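Structure record follows, encoded as structure tokens.
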Amino acid sequence: MKTPQRPASQVNRVAAPRPSRSLAAVLCISLSAASLIGCASTQYAPQVVARGELTLRYEGGFQVYAGQNKLSSGLTYPRLTEYVRCVPQAQEHARRARSNGLGAVTTAVLGGLFGASGLIGLVGLVDQDRIGLWLGSGFALSTVGLTLSIVSWRLKNHANGNALDAVNFYNDSVGSLGATCQDLSYPPPAGPQTPEAVPSLPAETTPLPTPPSVQ
């Protein structure tokens, strides 16, 4: 009895994988990972802080808290300079933080505008007679936008660094001791007091014997 022959189209046929499902799964995993990378934030806020102490949190950007109340936030850190005004080093760093923050915001906006203006180079696809002019203009505008974006990134880092220095200088001198620049009265320490030193009494001296007189 002969075995029935299969058509040539069915010989050595290998089941082809279904790339659509696997590709969709990889894409979903990649998007999920990308979304998680950009969503960092603090999860715990300190509950025991001194009366004037400053603490930092991160919620899409640095936030400065005085006690349990929000005082300021980046990039421009308003009110921070006034709050730490009684510590000269802290005040200077707070001023730099605000200045650098304002510069970062300004250059970021300008960088976006110049970068978007670089799309003018696409006009060269229509105006073939002056395609070089259009492409050159678009490239120049895009370069300016990229440069401004880099400057904005550097100013942002400087602003955050100066704000951290302002907080540290202020806490070391005033905040961690329980005072504020509005009220420089320092509360007594809350820990156990050390016993006062008892003054030592002078040791009693024994008079030396008088030598006998020589006749």
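The values are calculated or read from the model by the stated rules, or taken from the named source; none is laboratory data. Not measured: the values here are computed from a predicted model. Don't worry about glycine lacking a Cβ; one is built from the backbone with ideal geometry, like all the others, and counts go over all protein chains shown. Please note that ligands, DNA and RNA were not included when accessible areas were found on the heavy atoms of the full protein model with its side chains. Shrake-Rupley method; radii C 1.70, N 1.55, O 1.52, S 1.80 Å.
Quick notes on this structure:
- Of residues in segment 137-147 being of a type outside the set (Val, Ile, Thr) and open to solvent by 40 Å² or more (accessible area, probe 1.4 Å), the one nearest to residue 103 (Cα to Cα): 146
- Odd one out for residue 72 among (1) in contact with a Pro (Cβ under 9 Å, 6 or more places away or on another chain); (2) of a type outside the set (Val, Ile, Thr); (3) assigned to a helix (DSSP H, G or I); (4) open to solvent by less than 60 Å² (accessible area, probe 1.4 Å): (3)
- The listed residues are 42, 55, and the only one of them that is in contact with a Lys or Arg (Cβ under 7 Å, 6 or more places away or on another chain) and at pLDDT below 95 turns out to be 42.
- One residue stands out among those in segment 161-177 that are surrounded by fewer than 20 Cβ atoms within 10 Å (Cβ to Cβ) and within 18 Å of the chain's Cα centre (by Cα): the one that is farthest from residue 67 (Cα to Cα), which is 161.
- Applying the condition of being of a type in the set (Val, Ile, Thr) and not in a loop (DSSP other than H, G, I, E, B) to segment 90-142 and asking which residue is nearest to residue 77 (Cα to Cα) yields 105.
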